[in-house]
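First up is the structure itself, then whatever we jot down about it.
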Amino acid sequence: MAGACGMGPPRRCRALSCANGTEFATPNGELDYEFFKTTVQPIFLKERPGHARCYGCHIASGRVFHLATLSPGLSDWTEEQSRQNFQSSSQLVVPGKPQSSRLLLHPLAPEAGGDAFHSGGRQFASQEDPDWTALGQWVRSAASPSSHAARIYLTNSAGNTVDVIESSTNQVVQVIRGIELPHGVTFSPDGNRVYISNESESILDVVDRESAKIVKKVALSGHPNNLTITKGGGRVLVGIREDPGSVDVIETKSLERTKTISVDGSVHKIFVTPDGKYAVSGSIENKAATVIDLKTEKAAWEVKFDRGVRPMTFESNQDGSTRRIFVQLSGLNGFAVVDFASRKEVARIVLPEHPGVFGSAEERLGTPSHGIGVAPDGKSLWVNSTIANAVFKYSLPELQLVGYCPLPTQQPANHAAIGAVPEWITFTPDVNASTIRTRERDPYL
Ligand code: HEC
């Protein structure tokens with residue numbers, strides 16, 4: 001579980017999200033054979049304009065980088081040969097580090113950072129060459145979880161920067177600049193791009209994660225709030241905080257806005273269900289949650305409440321489909337439970353007010369509970385409370401209170417201590433049940 005917004009100097013933040021660094025890393029730091037076979041290996045057979053194929057020279061015996069000779073009549077390697085090629089290629093890379101991998105540096109032009117000389121020529125003129133990028137992806141994906149600790153992207157909503165925090169050291173390791181009033185942040189599944197909604201210009205900023213440079217500004221249909229991305233990363237969905245209410249769809253391949261979906265009321269937040277089939281937008285003004293069918297890109301159904309809709313999170317059935325939505329509401333120190341199948345609110349859970357008594361000095365009683373998340377194993381629900389200055393844990397599916405984590409207080413000069421004002425909650429990609437368990441305390445009942 002990543003920390004709340006009270007880290008370091010008091011600074012109010014709206015979005016706290018983790019780059020899914022390990023989403024593109026195998027858990028044990030091993031190179032991925034399937035990716036090698038389907039994506040990397042074909043590069044060795046491919047003819048690049050003006051060059052002989054890698055295959056042409058590297059089947060010679062005695063080459064360190066040695067490729068198997070194709071069987072007569074076949075245009076691709078057999079399973080056994082692919083395994084041999086995988087072995088040979090693997091010994092020439094440093095898992096997780098393309099920039100230290102001989103397989104990548106030797107055939108790369110020196111001007112592009114490659115080795116000084118390769119008898120087989122400068123096969124890749126630049127690191128942007130798609131084949132070189134694919135090689136890099138294969139190597140990078142083998143980073144061990146420890147060398148790829150999660151980073152936290154903090155949109156400084158009252159400023160014009162996004163801080164990137166290394167979670168293992170709690171240090172700011174990068175700053176994304178040039179985005180005034182950044183609101184929501186999300187990532188491409190491969191972790192190469194960061195998408196940030198920009199309130200001052202009403203655009204979606206597309207940022208290259210490695211260099212922190214803005215690569216494109218996509219104009220939106222109105223003033224944005226939060227955003228999310230569809231499961232395969234094909235579409236970014238941005239909530240538009242303007243009447244009558246809409247969600248912009250930006251295709252990530254073309255980086256063009258392709259559609260504006262009408263929903264009930266100006267949108268504050270937007271989420272995608274874990275099965276990737278629906279998006280759900282929430283409106284504070286219209287007190288509504290609108291469920292959008294992502295196939296048709298149209299509103300399918302909605303739930304109305306008596307209070308503004310704040311953050312939401314989802315519980316899944318065994319088959320992955322959505323079972324319940326947990327919805328935080330304005331002025332409620334708790335959350336509503338919506339049954340997805342019957343499309344109705346079925347319960348409302350109120351949090352304990354202990355251990356702390358906060359929220360009024362901080363002027364946050366309009367959102368006493370903001371930030372809610374189902375743990376990746378689906379077995380618990382974690383809910384922020386500004387009033388209690390704590391995070392409560394409930395078991396799933398029972399919704400029984402299990403315990404809480406107290407949050408730190410802050411001591412502003414000439415004022416009484418204030419709470420941490422937890423506004424968001426997210427889970428680091430390497431979270432597991434034991435790390436959560438060690439932090440929890442007995443419930444205060
Ligand atoms: C024209 C023949 C030729 C082609 C084509 C060629 N290479 Fe080579 N490559 C060599 C020779 C000869 C060496 C050993 C001498 C040297 O290091 O330059 C070598 C060395 C290497 C090495 C260092 C390990 C070793 O076996 O010595 C790597 C890695 C490598 N090549 C990768 C590639 C890749 C990847 C391609 C295709 C994108 C490629 N080469 C295409 C001839 C070739």
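Being closer than 12 Å to residue 82 by Cβ and in contact with a helix residue (DSSP H, G or I) (Cβ under 6 Å, 6 or more places away or on another chain) is the filter; apply it to segment 42-64 and report the residue that is farthest from the ligand (Cβ to nearest atom).
Going through the qualifying residues, I end up with 45.
When you scan segment 208-249, how many residues do you find that are charged (D, E, K, R) and outside any loop (DSSP other than H, G, I, E, B)?
5
Hey, does segment 31-49 have a residue that's over 37 Å from the mean Cα position of the chain (by Cα), without any contact (Cβ under 8 Å) to a residue 12 or more places away in the chain and loosely packed, with under 12 Cβ neighbours inside 10 Å?
So far as segment 31-49 goes, yes, one or more of its residues are over 37 Å from the mean Cα position of the chain (by Cα), without any contact (Cβ under 8 Å) to a residue 12 or more places away in the chain and loosely packed, with under 12 Cβ neighbours inside 10 Å.
Quick test of your reading of the structure: residue 365 fulfils all but one of (1) within 16 Å of residue 310 (Cβ to Cβ); (2) touching a residue at least 60 places away in the same chain (Cβ under 8 Å); (3) out of contact with any Lys or Arg (no Cβ under 7 Å at 6 or more places or on another chain). Name the failing condition by number.
It is condition (2) that residue 365 fails.
Is there any pair linking a residue in segment 317-332 that is farther than 22 Å from residue 369 by Cβ to one that is assigned to a loop (DSSP other than H, G, I, E, B) and acidic (Asp, Glu), with Cβ under 7 Å and at least six apart or on different chains, and which?
Cβ pairs passing all conditions: 320/275; 321/275.
Which condition from (1) at negative phi; (2) surrounded by fewer than 20 Cβ atoms within 10 Å (Cβ to Cβ); (3) touching an Asp or Glu at 6+ places or on another chain (Cβ under 7 Å) is the one that residue 181 breaks?
If we test residue 181 against (1) at negative phi; (2) surrounded by fewer than 20 Cβ atoms within 10 Å (Cβ to Cβ); (3) touching an Asp or Glu at 6+ places or on another chain (Cβ under 7 Å), just (1) comes out false.
Would you check which residues across segment 287-304 are surrounded by fewer than 18 Cβ atoms within 10 Å (Cβ to Cβ) and either touching a strand residue (DSSP E or B) at 6+ places or on another chain (Cβ under 6 Å) or in a strand (DSSP E or B) (or both) and list them? Don't jump to the end; show me each part of the working.
From segment 287-304, those surrounded by fewer than 18 Cβ atoms within 10 Å (Cβ to Cβ) are 293, 295-298, 300-301, 304; that's our starting set.
Selection gives 293, 297, 298, 300, 301, 304.
What tally of residues in segment 268-322 results from selecting those that are charged (D, E, K, R), closer than 18 Å to residue 238 by Cα and under 20 Å from the mean Cα position of the chain (by Cα)?
Residues in segment 268-322 being charged (D, E, K, R), closer than 18 Å to residue 238 by Cα and under 20 Å from the mean Cα position of the chain (by Cα): 3 in total.
Counting just the residues of segment 184-218 that are touching a Pro at 6+ places or on another chain (Cβ under 9 Å) and of a type in the set (Val, Ile, Thr), which one comes out surrounded by the most Cβ atoms within 10 Å (Cβ to Cβ)?
Checked segment 184-218; the qualifying residue surrounded by the most Cβ atoms within 10 Å (Cβ to Cβ) is 196.
Among the residues of segment 219-268, which ones are surrounded by 20 or more Cβ atoms within 10 Å (Cβ to Cβ) and touching a residue at least 60 places away in the same chain (Cβ under 8 Å)?
226
Would you mind finding the one in 334, 282, 320, 308 that is in the same structural domain as residue 228 (by TED's automatic domain parsing), closer than 15 Å to residue 349 by Cα and either in contact with a helix residue (DSSP H, G or I) (Cβ under 8 Å, 6 or more places away or on another chain) or small (Gly, Ala, Ser) (or both)?
334
Inspect segment 377-384 for any residue being among the polar types (S, T, N, Q) and touching a residue at least 24 places away in the same chain (Cβ under 8 Å) and give the result as yes or no.
yes
Please enumerate the residues belonging to segment 81-134 that are within 11 Å of the ligand (Cβ to nearest atom), surrounded by fewer than 17 Cβ atoms within 10 Å (Cβ to Cβ) and of a type in the set (S, T, N, Q).
91, 119
The values are calculated or read from the model by the stated rules, or taken from the named source; none is laboratory data. Just so you know, these numbers come straight off a predicted model, no measurement behind them. Virtual Cβ from ideal backbone geometry, glycine too; neighbours counted across all protein chains shown.
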